[in-house]
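The structure appears right after this line, and notes come after that.
Readers should treat all values here as calculations from the given coordinates under stated rules, not as data from a laboratory. This one's a predicted model, so the numbers in the text were calculated from it and none came from an experiment. Neighbour counts run over all protein chains shown; Cβ positions are idealised from the backbone, glycine included.
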Amino acid sequence: MKKKDLLLILTFILTISIYGQESYYNDVNLNVTGLTLKEELAAKIISTHTQFLFYDQIWDASKVTDVNPDNAQEVLLIYGYENGSDTDVTNDRTRGIDDNSGASGDWNREHVYSQSLGTPALSDSGPGSDAHHLRPADAQRNSSRNNRKFTDGTGFSGIQTNGGWYPGDEWKGDVARMMMYMYVRYDDRCLMSNIGIGNNSATPDDMIDLFLKWNVEDPVSDFERQRNTYHENTANQNAQGNRNPFIDNPILATRIWGGDNAEDTWGIYTSSDTEAPTAPTNLAATNITTFSIDLSWSASTDNIAVTSYDVYVNNVLQTATSNTSVTISNLDSNTAYSFAVLAKDITNNASSLSDALNASTLEDVDAPTVPTNLTVSNETESSFIISWSASTDNTKVALYEVYIDNVFEGNTTDVTYTATGLTTNTTYKIEVLAVDDVGNKSALSNPVNGSTTNGAGVATELFFSEYLEGESNNKAVEIVNLTNADIDLSVYSLARQSNGGLNGADWEWNMPLAGIILSQDVYVIVNEAAGEHPSSKTQAGVDAGNYLIQIADSIRVHDGDTNFGAPINFNGNDPIGLFKNDVLIDIIGTYNGGSANFGKDKVLRRKSGVSQPNTAFDLDNEWEVFDKNDTSDFGTHSAIVLSTDSFLNKNQIRFYPNPTDNILNIQNNKNATISSIKIYNSLGKEVLSDTNIEKEISIEYLPQGFYLLKYQVDNQWFNLKLIKK
């Protein structure tokens with residue numbers, strides 16, 4: 001807030017010390033910088049977030065933390081700027097403290113980090129009810145902001161020419177520090193690129209320059225500080241227990257992400273100290289292996305205190321530490337390196353580099369151990385999956401080579417491999433060996449036999465066949481039935497694990513399935529809000545989200561009761577599981593895999609050789625990766641439909657050519673009675689209906705795009721994706 005220090009009237013804020021470090025941070029290493037400091041602060045604000053508020057509690061919390069310092073019967077409204085003297089209530093800066101309902105003329109709880117922009121969307125619990133980013137706002141102005149990303153501007157709040165939202169000169173610093181807190185507290189769940197329009201090329205992670213700039217331009221106000229004081233004290237009924245570090249000292253953001261120096265309210269980083277520490281001495285190398293070297297040195301001295309050391313390898317900064325020793329790992333074997341160290345004090349005065357130390361890693365002459373426990377699974381008429389237990393090595397196993405009938409088949413960095421292009425109903429000898437980083441090879445494993453099937457009854461269970469993690473709420477999964485029987489879905493369900501199990505998350509948001517999935521058919525499940533926001537077009541010019549809604553067999557409701565479509569609101573690091581009688585049978589993503597973005601902004605399609613579920617996610621061997629808006633294969637599967645041009649279903653009916661620009665021919669090998677044909681556009685509108693079926697259908701008058709063709713045989717409807725060129 002750019003304004004004079006406000007006269008605070010609440011007694012709980014009297015304990016704050018603007019120019020001294022709060023005791024809250026006594027166990028945080030504030031000497032480090034960069035992402036190390038970010039991790040230190042994250043650990044602190046997560047561990048002290050001990051009281052999780054219900055969304056309704058935010059009303060009462062805001063009536064204390066956001067009270068107007070000039071009038072205890074009012075709250076300050078974020079984005080507001082006018083004293084109430086004009087006829088427009090939506091721009092007011094204050095509102096009666098009890099005038100809260102969300103109705104027009106009242107104040108509402110503004111999610112400064114918009115719920116729908118989280119990955120996945122924030123619910124009314126967890127990050128969605130974190131008081132550090134919930135502020136009173138005029139209900140109509142809150143609605144005008146909607147879910148627009150923040151963008152730069154000047155003057156008062158409002159929509160800018162690029163469609164973004166400027167919070168106003170008075171509030172932009174508040175917004176910046178709230179967004180920094182949310183990112184550090186919830187990591188990729190609250191990405192900065194999702195909430196603001198800016199550039200992150202100069203930062204070490206997703207932080208964007210917009211918020212760093214606002215943090216400098218709009219210093220912290222006493223009004224912001226009163227929020228921290230309240231929430232740290234869990235004796236307060238609606239307090240969380242943690243603080244926003246960037247309100248306590250804005251320069252912490254500079255020390256993490258760079259940019260111009262923000263205000264140092266503690267005065268510990270911007271003192272008048274200009275004297276650099278002495279250079280480290282007695283640099284020594286010990287415990288040398290094929291891949292690592294331990295470094296140690298004598299401590300530097302400083303007129304105040306040495307706080308950290310930067311370690312350089314071959315003149316490139318490798319790491320920073322507050323200790324006088326470090327282990328440098330991930331080195332190449334039998335390689336010479338040059339090491340040097342410099343010392344820094346808390347104001348970033350840096351010594352000269354120490355004398356260089358040259359040292360070499362040991363030569364790696366040891367081969368990895370032999371792979372063991374080879375097994376063969378997911379057999380089809382032309383493929384199977386080979387798995388084994390990992391080998392060990394004195395340095396690192398780099399890859400595995402797979403041999404079939406004594407012939408090199410391929411290699412992989414994983415402990416599974418999918419062999420394809422095999423002959424039907426044939427038995428093969430399989431062996432695997434391990435290779436390390438310098439090419440040392442183990443002996444071949446004990447051989448095992450693997451056999452392809454005869455092509456009859458390939459699959460015995462349902463499994464995932466496609467996954468889409470697209471823009472905004474464009475989320476969908478597809479399940480395929482390659483068995484010889486129709487399957488009742490009532491014993492199947494889906495669930496999601498948030499962020500790969502970070503912060504102890506387990507399977508959640510169980511979604512029971514219903515209906516029948518026919519033999520040799522697929523079942524598509526889509527988030528209800530897919531297509532509500534602009535997205536890139538598919539190659540046929542149709543909005544990806546609208547197309548998904550059109551072909552969906554099940555649409556997951558998108559509201560607060562379902563956490564906005566959970567589990568079909570996953571992000572790229574949320575594993576999603578297929579369960580049968582509450583037992584996991586297939587998975588997309590690695591359970592407890594952490595924040596690895598296996599599916600971020602991607603479409604994943606199961607390879608044609610896969611015919612069984614797998615509870616061990618195998619991206620390299622079982623999945624193909626496509627653009628996040630490529631919905632072209634949803635509603636079909638390669639094991640059922642080899643191409644849109646050559647599709648023959650179990651009734652031996654074929655519509656061709658597909659794509660087409662004029663006439664769609666019908667091939668009916670069994671002369672089955674087609675009683676009705678209907679075609680729907682991407683918005684679900686019926687554009688053709690025909691009950692007098694001949695040998696062809698004219699679609700010349702239809703515009704280019706995706707369509708859904710439905711046809712009826714023996715009182716049963718079949719679906720086919722149709723593309724008009």
Exercise for the section: Can you put Thr420, Thr36 in order of Cβ neighbours within 10 angstrom, beginning with the fewest? Expected result: Thr420, Thr36
Problem - At R0 = 56 Å, FRET efficiency that the Cβ-Cβ distance of Gln667 and Asp582 yields, to 0.05 - result: 0.80
Fill in the blank from the handout: With x for Gly and Pro, the residue-by-residue ³J(HN,Hα) of the stretch 82-94, computed from phi through the Karplus equation 6.51 cos²θ - 1.76 cosθ + 1.60 at θ = phi - 60° and given in whole Hz, is 10, 7, x, 7, 8, 8, 9, 6, 5, 9, 4, 8, 9
Exercise for the section: Taking H placed 1.01 Å from N in the peptide plane, check which residues at least 5 places from Thr307 or on another chain put their amide H under 5 Å from its amide H. Expected result: Lys344, Asp345, Ile346
Practice task
Provide the packing ranking of 386-395, 44-53, i.e. peptides ordered by the mean count of other C-beta atoms within 10 Å per residue, highest first.
Solution key: 386-395, 44-53
Problem - Candidate aspartates and glutamates for bridging to Lys678, where Cα separation is under 20 Å - those fewer than 8 sequence places away on the same chain excluded - result: Asp521, Asp553, Asp645, Asp661, Glu686, Asp690, Glu694, Glu696, Glu700, Asp714
Fill in the blank from the handout: Row for the stretch 463-626, column shape: gyration tensor on C-alpha, a ≥ b ≥ c, rounded if a/c < 1.5 i.e. under 1.5, prolate if a/b over b/c, else oblate; value rounded
Exercise for the section: May I ask which residue of Ile679, Gly241, Val370 lies farthest towards the positive end of the charge dipole of the chain, with charges of +1 (Lys, Arg) and -1 (Asp, Glu) on Cβ and the Cα centre as origin? Expected result: Ile679
Fill in the blank from the handout: Least to most buried among Glu409, Glu622, by other C-beta atoms within 10 Å and fewest first, runs Glu409, Glu622
Problem - Computed Kirkwood radius, in angstrom, where 1/r is averaged over Cα pairs of the stretch 267-377 - result: 15.8
Fill in the blank from the handout: Checked the chain with the C-alpha gyration tensor, a ≥ b ≥ c its square-rooted eigenvalues, rounded below a/c of 1.5, otherwise prolate if a/b is larger than b/c and oblate if not; verdict oblate
Practice task
Assign one of three labels to the stretch 23-257, namely rounded, prolate or oblate, based on the Cα gyration tensor with a ≥ b ≥ c the square roots of its eigenvalues; rounded applies when a/c is under 1.5, prolate when it is not and a/b is larger than b/c, and oblate otherwise.
Solution key: oblate
Exercise for the section: Please list 150-157, 179-186 highest first by mean number of surrounding beta-carbon atoms within 10 Å per residue. Expected result: 179-186, 150-157
Handout entry: For Glu110, residues with placed amide H under 5 Å, excluding near neighbours
Key = Arg135, Ala137
Fill in the blank from the handout: For Asn334, the net charge from surrounding residues (Cβ-Cβ under 12 Å; K, R +1; D, E -1) works out to -4
Handout entry: Too-long pairs where the Cα-Cα distance tops 32 Å, listed order kept, from Lys38/Lys607; Lys149/Lys344; Lys475/Lys724; Lys695/Lys725
Key = Lys38/Lys607; Lys149/Lys344
Problem - Cβ charges +1 (Lys, Arg) and -1 (Asp, Glu), total dipole of the chain, debye - result: 1260
Handout entry: Ordering of 54-62, 629-637 by packing [mean C-beta count within 10 Å, highest first]
Key = 629-637, 54-62
Exercise for the section: Quick one: what are the phi-derived ³J(HN,Hα) couplings along the stretch 26-37, Karplus 6.51/-1.76/1.60 with θ = phi - 60°, whole Hz, x for glycine and proline? Expected result: 4, 9, 9, 7, 8, 7, 7, 9, x, 5, 5, 5
Practice task
Can you put Phe464, Phe655 in order of Cβ neighbours within 10 angstrom, beginning with the fewest?
Solution key: Phe655, Phe464
Completion exercise
Note on the stretch 198-303: the mean projected area of its alpha-carbon convex hull, in nm², is 12.0
Problem - Derived scalar couplings ³J(HN,Hα) [the stretch 589-594; Karplus, 6.51 cos²θ - 1.76 cosθ + 1.60; whole Hz; x for Gly, Pro] - result: x, 9, 4, 6, x, x
Problem - Helical mean residue ellipticity (222 nm; -39500 (n - 2.57) per DSSP H run of 4+; nearest 500) of the chain - result: -3500 deg cm²/dmol
Practice task
Express the relative contact order of the stretch 372-452 as a whole percentage, based on alpha carbon pairs under 8 Å and six or more residues apart in sequence.
Solution key: 34
Practice task
Could you state the orientation-averaged shadow area of the convex hull built on the Cα atoms of the stretch 653-724, in nm² to one decimal?
Solution key: 4.4
